[in-house]
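Take a look at the structure below.
The values are calculated or read from the model by the stated rules, or taken from the named source; none is laboratory data. Note that the structure is a prediction, hence the values are computed from the model and not measured. Backbone-built Cβ (ideal geometry, glycine too); neighbour counts: all protein chains shown. The protein model used for the area step is the full one, side chains on, heavy atoms only, and it has no ligands, DNA or RNA in it. Shrake-Rupley method; radii C 1.70, N 1.55, O 1.52, S 1.80 Å.
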Amino acid sequence: MRKKLLNMVAISLMLVLAAGTVFGAGTKEAAKETTVNMFQLKVEIKDAIDGYAAAYSAATPGVTVKVETLGGGADYGGALKAKAQAGQMPDIFVIEGRGGYDIWKDYIADLGDQSWVADTDLAFKVDGKVYGFPVAIEGYGLAYNADILAKAGIDPAKLTTRAAYEQAFKTLEARKAELGITAPVSMAASVAGGMWWVAAQHNLATYWGGGLDFNDTSIIEMALQGKLDDARFLQYAKYLQLLFKYADQKILLNGSYDDQVGAFAQGKTAFLHQGNWVDPNLKQLGVTFPIGYAPHAFLDTEQKGLYLFAPSWYCVNAKSPNAEAAKAFLAAMASTAEGHDYMVNKAGMIPAFKSVTLKPAGQLSQALMAANAKGGNYGVFFGMLPDGAGQNVFGPIFDLFAQNQNNLNQFIADMKKAVADLPKM
Amino acid sequence: MQELSRERTPMKKNSTVNIVFLAPCVLTFIMIIIIPFFFGLYYSVTDWNGVSDDVAFVGLKNFRGLVSSPDFIYSFLITIAYTLINIVFINIVSFILSLIVTSKIRRRNFYRSGFFVPYLIGGIVLGYIWQFILNNILVKIGTTYSIAFLQTSFLSKPNTVIWTMAVVNTWQYAGYIMLIFVAAIQGIPSSLMEAANVDGASYFHRVMHILIPMMANAFTISIFLTLTTSFKQFDMNMTLTNGGPATRFMDAPVKASQLLAMNIFNTATANRMAEAQAKAVVLFIALLIVSLIQVSVNKKKEVEM
């Protein structure tokens, strides 16, 4: 009896396995033309990239590009791991920084010989070698509602030091009722609202890169060794305290992304701590007032630059037989008129390539593009931190500081301790 | 072939059929539960990051790290606290509900299904609904009528947040446990209650001395269910509080409502698969020990009819 059962189990197992290999082999051989599979995480460009991939496939005989999108809070990294384990690693996939590179480096092809490399400053590089195609330029400063500032008599061009900000916030706070605002700043820092990244990732990045040369990573290198620059961090902490103090407290402590962006869009705050990715949201909310970017000037000395970065990069799967077709697809995106039209007009992104002359429609994107052309901007280096440092370590520290805004010393002590533990992560 | 089958006894035929029908289930069970379970045990003593092919054996390093990590210890303790609160809340509430819907109250069938409906709402959806109620509606009521304690959301107070979660979980789960109690109450011969009534026992006495002892086995089941589900709570935790707000524990900022399952999830999504797996093994062992103790203690209190 028992033997029979075992036999049955064994036979059915073999049947399943055999079926798997037969069908698995079948699909691969049956495909005459090359299919490039792309797996990306920007939900907001899904329709645009699907359209571009279809047009590219139609125009390129023998190549079909298929795009799969997963993102918007879904676990892209987990899904990619599942695909890799299942032997379905896509030909083009996305990494978001050094952490992703370290995990996937066995799969990542060297792109140093590609034509677009000379056309961009933001390619993903490790030890001088190019491994990633920059998806877009994103960036941020402190977005302002120009109408409200004008009514309050504040010149945004003068917001270049912490002292200037303090003065501006005080003026706005005093005239809240008259201006129809609930608070000067729309800022979010809560773990609960899923907004830890605004404070503990983007705002903290001003400490890593603000006021330095665009490629100067000395401050974050120091942190990766476990040390903070005390004098610089004190200035940063004071700036953060200022933002927290003059923020809408409900949004700060509990608000979601929609709450934060919504308050600014409705004219209930004068400033918004978000990047140019909110352009589509602002358009959706029917914003008509003029918007611009002021720098995050946390130092005692003047700072005029915005923070620019490529949030993610496309990587080509080195182990795939379709790697060349995948590289050609990316090169076309960077160099053809259709590719430029897709990136700027369809997807609403700021391309990281200097040869692109089209202008994006969003006000914040335009402000960033102008800043990029002008130069003097700062780099964003949080991607160099170990995975999980932002969400699991810095996130709660910033949340706690938002709850106890007067306890500046405790915040500095907590951050010092957390940074000291970074080398061990 | 035909001759063969004619020779078979009915008993033999039956067992072949059994095997054929069982095989898919057994196979699936082995493939998605048993094998991953042992793989999990293995990965918890390695440095695997979820992708890399070279997996190095690191012994108990992952487990030793857990003992000194404030966020894990906090999550462990808060999960135990949350489970205890839940066991008390859910069982008391659902017991009262089951008494109500088995009494002679009018429309009791309507109440029965009404109390059960929250259980049918998925934890994700339910978390968002209650987040809106707690963050927006209650705060609005608080500011409109100047009720001080409602003006800040219960979800942003580190000390009350797990109580709030327990209340929401009770709202969802009580209807389900109520059904178990209702079935148990209906299984008790009504002659017992009637006899006690004739003897002059009050309603309270009848409940305490007849109903509760007679339905002890239902309590075994319901406490087991509430214990295991609370210990493994994830979906509602994720959508309702996302682990927030932050609080201070062992001189380190930690997430005040990050239960164990969510701690494991957040570790895993930070590409620390082996460490997350070690945490999962700890969760499994803790849950195993606690539930074995609970069932054996409760079993002793059951009465045979």
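Between A:GLY292 and residues 5 or more places away or on another chain, which pairs have amide H atoms under 5 Å apart, with H built 1.01 Å from N, and which residues are they?
Here A:TYR144, A:ALA146 satisfy the definition.
Kindly state, to the nearest 0.05, the FRET efficiency for A:ALA420 paired with B:VAL17, given R0 = 51 Å and r defined as their beta-carbon distance.
0.20
Accessible area per residue for chain A in Å², computed with a 1.4 Å probe and the full protein assembly in place, what is it?
That works out to 43 Å² per residue.
Percent of accessible area on the protein assembly as shown owned by carbon and sulfur, 1.4 Å probe?
Here carbon and sulfur together make up 61 percent of the probe-accessible area.
With everything on Cα atoms, drop me the angle between helix A:2-30 and the longest principal axis of chain A, reported from 0 to 90° to the nearest 10.
The angle comes out near 80 degrees.
Gap in Å between the Cα centre of the stretch A:184-226 and the Cα centre of the stretch A:48-85?
Between the Cα centres of the stretch A:48-85 and the stretch A:184-226 lies a distance of 31 Å.
I'd like the mean, over residues of A:395-406, of how many other protein chain beta carbons sit within 10 Å of each residue's own Cβ.
Mean inter-chain Cβ contacts per residue within 10 Å come to 5.
Compute the separation of the alpha-carbon centres of the stretch A:320-394 and the stretch A:403-418 and state it in Å as a whole number.
Their Cα centres are 35 Å away from one another.
Gaussian network model of chain B, Cα springs within a sub-10 Å range: biggest mean-square fluctuation belongs to which of B:MET238, B:MET178, B:MET31?
Highest fluctuation of the listed residues: B:MET31.
Shielding by partners for A:99-112, please: the mean number of other protein chain Cβ atoms within 10 Å of each residue's Cβ.
2
Where does the charge balance sit around A:LYS176 when Lys and Arg score +1, Asp and Glu -1, over other residues with C-beta under 13 Å from its C-beta?
With Lys, Arg at +1 and Asp, Glu at -1, the neighbours total +1.
Which one of B:PHE110, B:PHE181, B:PHE224 has the biggest mean-square fluctuation once chain B is modelled by GNM with Cα springs under 10 Å?
Largest GNM mean-square fluctuation: B:PHE110.
I'd like the FRET efficiency for B:SER202 and B:PHE29, computed as 1/(1 + (r/R0)^6) with the beta carbon distance as r and R0 of 45 Å, rounded to 0.05.
0.35
Enter the mean number of other protein chain beta carbons within 10 Å of the beta carbon of each residue in A:183-192, as an integer.
Mean inter-chain Cβ contacts per residue within 10 Å come to 4.
Calculate how steeply helix A:76-85 sits against the longest principal axis of the alpha-carbon atoms of chain A, using the helix alpha-carbon long axis, and give the answer as 0 to 90 degrees to the nearest 10.
20
Note the count of lysine pairs whose C-alpha atoms are less than 28 angstrom apart in the stretch B:61-301, limited to pairs 8 or more residues apart or on different chains.
Total qualifying Lys-Lys pairs in the stretch B:61-301 comes to 14.
Give the distance, in whole Å, between the Cα centre of the stretch B:51-111 and the Cα centre of the stretch B:145-195.
About 15 Å separates the Cα centre of the stretch B:51-111 from the one of the stretch B:145-195.
On a 1.4 Å probe surface of the protein chains, which of B:LEU179, B:LEU84 comes out largest in accessible area, and what is the full order?
Result of the area sort, largest leading: B:LEU84, B:LEU179.
Rounded to the nearest 500 deg cm²/dmol, what is the calculated helix-only ellipticity per residue at 222 nm for chain B, with -39500 (n - 2.57) per DSSP H run of length n ≥ 4?
-21500 deg cm²/dmol
So, in nm, how far is label B:GLU194 from label B:ASP235 when the simple model puts each one 7 Å beyond its Cα toward the Cβ?
Distance between the two pseudo-spin positions: 4.4 nm.
When ranked by the protection proxy of mean other Cβ atoms within 10 Å per residue, highest first, what sequence do the peptides A:53-60, A:266-273, A:145-152 form?
The packing order, highest mean first, is A:266-273, A:145-152, A:53-60.
Can you give me the long-range amide H partners of A:VAL36? Hydrogens built in the peptide plane at 1.01 Å from N, cutoff under 5 Å, separation of 5 or more residues or another chain.
For A:VAL36, whose amide H was placed from the backbone, the distant partners under 5 Å are A:THR64, A:VAL65, A:LYS66.
Using a Gaussian network model on chain A with a 10 Å cutoff between Cα atoms, which of A:LEU285, A:LEU243, A:LEU364 fluctuates the most?
Evaluated over chain A, the most mobile residue of the options is A:LEU285.
How do B:103-109, B:260-266, A:297-303 rank on mean C-beta neighbours within 10 Å, highest first?
Most protected by this proxy first, the peptides run B:260-266, A:297-303, B:103-109.
Anything in chain B that counts as a DSSP H helix reaching 30 Å or more along its axis (C-alpha) with Kyte-Doolittle mean of at least -0.5? List them, would you?
B:70-102, B:161-186, B:273-301
Just give the residues from the stretch B:267-296 buried by at least 30 square angstrom of accessible area in the all-chains context relative to the isolated chain, probe 1.4 Å, and say none if nothing qualifies.
So the qualifying set is B:THR269, B:ALA270, B:ASN271, B:ARG272.
Heavy atoms only, 1.4 Å probe, whole protein assembly: order A:ARG98, A:ARG175 by accessible area, highest first.
A:ARG98, A:ARG175
Roughly how big is the B-A contact, given as buried accessible area in Å² (both sides, 1.4 Å probe, nearest 100)?
3000
With axes computed from alpha carbons, what is the tilt in degrees of helix A:323-335 against the longest principal axis of chain A, rounded to the nearest 10 within 0 to 90?
Between the helix axis and the principal axis of chain A, the angle is about 40 degrees.
If DNA, RNA and ligands are ignored and the probe is 1.4 Å, what is the ranking of B:MET214, B:MET165 by accessible area, most exposed first?
B:MET214, B:MET165
Rounded to the nearest 5, what is the percent of antiparallel bridges among the DSSP beta bridges in the protein assembly as shown?
Here the antiparallel bridges make up roughly 65 percent for the protein assembly as shown.
With charges only on Cβ, +1 for K and R and -1 for D and E, what is the dipole size of the stretch B:98-212 about its Cα centre, in debye, rounded to 20?
That gives a dipole near 300 debye.
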